[in-house]
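Laboratory data are not the source of any read-out in this text; all were calculated from the coordinates shown. Being a predicted model, the structure only gives us computed values, none of them experimental. We place every Cβ from the backbone using ideal geometry, glycine too, and count neighbours over all the protein chains shown.
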Amino acid sequence: MTDLAIDLHWQRHSPALESGHYSNAHRVVFNTRCDVDVDAAPDWGGDPEHTNPEQALASALSSCHMMTFLALAAKAGWPVAGYSDHAVATLGRNPRGQMSVTRIDLHPVVRFDPGFAVTDEAMAQMQDRAHRYCFIANTLADSVEITIR
């Protein structure tokens, strides 16, 4: 299988690494071309202008779900013209009492070419299939509740 990698860079800017007195801000580089400024979630003292790992996880799930949906729709002959999503990661305590992403809600909206439509039931079935085949969803299956609305 293919190894898929990122590069992460962090540098201390305070005189010493002391609890509560340093920044978590760092940079993640994808494929040497895409740099993303990352920090802790704002509730944990992070810069709200930077992404955070929880958003990145929601993004990974949303992207994977979309790509899986598009592959299945193409095989079914569905002329998808556009796809958007609003993914929300929720922090909470897992069954062991640890802080974790406990839930991710996806809100996909699919647009088709003019003159094509599917029933709500057919759409729900296709979204369910996309969820079942999505690599990221399968990775999170035992630890994160995933809802598609």
### Task
Mind jotting down the distance between the C-alpha centroids of the stretch 72-91 and the stretch 92-149, whole Å?
10
### Query
Taking 0.36 nm per intervening residue step and subtracting the Cα-Cα distance, what contour gain separates Phe30 from Trp44 on full extension?
2.6 nm
### Message
Quick one: 3J(HN,Hα) in Hz for the stretch 77-83, Karplus 6.51/-1.76/1.60 with θ = phi - 60°, rounded, Gly and Pro as x.
### Response
x, 7, x, 6, 9, x, 8
### Peptides 15-24, 58-67, 34-43, 132-141 ordered by average Cβ neighbours within 10 Å, highest first
58-67, 132-141, 34-43, 15-24
### Task
Obtain the radius of gyration and the Kirkwood radius of the stretch 29-84 from its C-alpha atoms and give Rg over Rh.
1.15
#### Entry: Computed FRET value (nearest 0.05) for Ser23 with Arg132, which takes r as the C-beta separation and R₀ as 30 Å
0.15
### Message
Output the 0 to 90 degree angle, nearest 10, between the alpha-carbon long axis of helix 120-133 and the longest principal axis computed from the alpha carbons of the chain.
### Response
50
### Globularity ratio of the chain, using Cα Rg and 2.2 N^0.38 Å
1.26
### Message
As an exercise, identify the trypsin sites (Lys or Arg not before Pro) in the stretch 1-48 lying in DSSP coil whose Cβ has no more than 12 other Cβ atoms within 10 Å.
### Response
Arg12, Arg33
### Task
Mind pulling the angle between the C-alpha long axis of helix 53-76 and the longest principal axis of the chain? Nearest 10 degrees, somewhere in 0 to 90.
20
